[in-house]
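This report refers to the structure that appears directly beneath it.
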Amino acid sequence: MDASIMDGATLAAGGVACIKNVANPIKVARLVLERSDHVLFCGDGALEFAKQNHIEVVDFEYLVTEKARKRLQNFPKFVPCVKVEFYEKSTPSGFHPDGEDHDTVGAVAIDVNGNVAYATSTGGISAKQPGRVGDSPLVGAGGYADNISGAVSTTGHGESFMKTCLAKHIAMLIEQGKDAQEAVEIGLNQMEKRVGGNGGCIALDNRGNIGIYFNVEGMAWSYCRDNQLHYGIFRNEDNILII
């Protein structure tokens, strides 16, 4: 599993890659930010750091779902799995909004003082080769936060996000004057044109404007503002719940 987190006020960041036997890798990533002199730990070193900081270690079986087992049985090779996850599903007939998708979770936030942050966590893509690292733990690819621009979190075909440093690219577009929505649309469309990558991203600029965009059929998203929870999955969908 992979995760990363970043504080836009100080540019402090923490990440873990290929970590096993912890239920919430984002908690370990935050500890890397707060308690270490480094930005990224991986593999056994990440697990050892988690143990040193009293993170509970869980059995492997605790982290494996029956859906994940079936998905690996159906798609034992990485490339066919990627095609199903991010390309065949880019048509209405291929999208499965029932939890069969990969499990990246991202968040961006801004406080009353204008400080921004992001966090991204994932179990990765089924059938990936052991040792493969995706975009989620990498600052600039899986996410980025800087008070000068805003905060970004990404999800999708990680190799494409890494090749284009998409999160940092979107932050730079904001810094150059684009609002969050313009920036995510430009950035993701440029990635698709340049490397054929599919996925989605969420962003906040430092003025509090929200950006949500994806070039697949659907991406679960939500945000809260003025006691209203906005949420959706498909394009042009904006459900509102008063809270």
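The values are calculated or read from the model by the stated rules, or taken from the named source; none is laboratory data. Note that the structure is a prediction, hence the values are computed from the model and not measured. Virtual Cβ from ideal backbone geometry, glycine too; neighbours counted across all protein chains shown. For accessibility, only protein heavy atoms count, side chains too; no ligands or nucleic acids. Shrake-Rupley method; radii C 1.70, N 1.55, O 1.52, S 1.80 Å.
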> From the backbone phi of the stretch 188-195, what are the Karplus-calculated ³J(HN,Hα) couplings (6.51 cos²θ - 1.76 cosθ + 1.60, θ = phi - 60°) in whole Hz, Gly and Pro given as x?
Replying inline: 5, 5, 5, 5, 4, 5, 7, 10
>> Under a Cβ-only charge scheme (Lys and Arg +1, Asp and Glu -1), can you give me the dipole magnitude of the stretch 171-243 about the Cα centre, in debye to the nearest 20?
In response: 140
> What Rg and what Dmax come out for the chain when only alpha-carbon atoms are used, in angstroms?
Replying inline: 17.4, 49
> Given a cut-off of 19 Å, what percent of all Cα-Cα pairs of the stretch 186-243 lie beyond it?
Replying inline: 37
> Solvent-accessible area per residue for the chain at a 1.4 Å probe radius, Å²?
Replying inline: 52
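Mind checking the dipole of the stretch 107-243: about its Cα centre, +1 per Lys or Arg Cβ, -1 per Asp or Glu Cβ, Debye to the nearest 20?
Dipole magnitude for the stretch 107-243 comes out near 440 debye.
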>> Sorted from largest to smallest, which semi-axis lengths in Å does the alpha carbon gyration tensor of the stretch 139-204 give for its equivalent ellipsoid, taking the root of 5 times each eigenvalue?
In response: 17, 12, 9
>> Distance cut-off 29 Å, Cα to Cα: go down the list K20/K70; K67/K178; K27/K128; K128/K178 and report the pairs above it.
In response: K67/K178; K128/K178
> Per-residue HN-Hα couplings for the stretch 103-112, Karplus 6.51 cos²θ - 1.76 cosθ + 1.60 at θ = phi - 60°, whole Hz, x for Gly and Pro?
Replying inline: 10, 5, 10, x, 8, 10, 8, 9, 9, 5
>> Shape verdict for the stretch 103-243, please, from the Cα gyration tensor: rounded (a/c under 1.5), prolate (a/b greater than b/c) or oblate.
In response: prolate
> So what's the stretch 125-164 giving for Cα Rg divided by 2.2 N^0.38 Å, two decimals?
Replying inline: 1.29
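Go through E217, E175 and list them by solvent-accessible area, largest first, probe radius 1.4 Å.
Numbers: E217 35, E175 90 Å².
Solvent-accessible surface, decreasing: E175, E217.
How large is the dipole of the chain about the Cα centre if only Lys and Arg carry +1 and Asp and Glu carry -1, each at its Cβ, rounded to the nearest 20 debye?
Magnitude of the dipole: close to 560 debye.
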> In whole Hz, what ³J(HN,Hα) sequence does the stretch 212-228 give by Karplus (6.51, -1.76, 1.60; θ = phi - 60°), x for Gly and Pro?
Replying inline: 9, 7, 8, 10, 10, 5, x, 8, 5, 8, 7, 8, 10, 7, 6, 6, 10
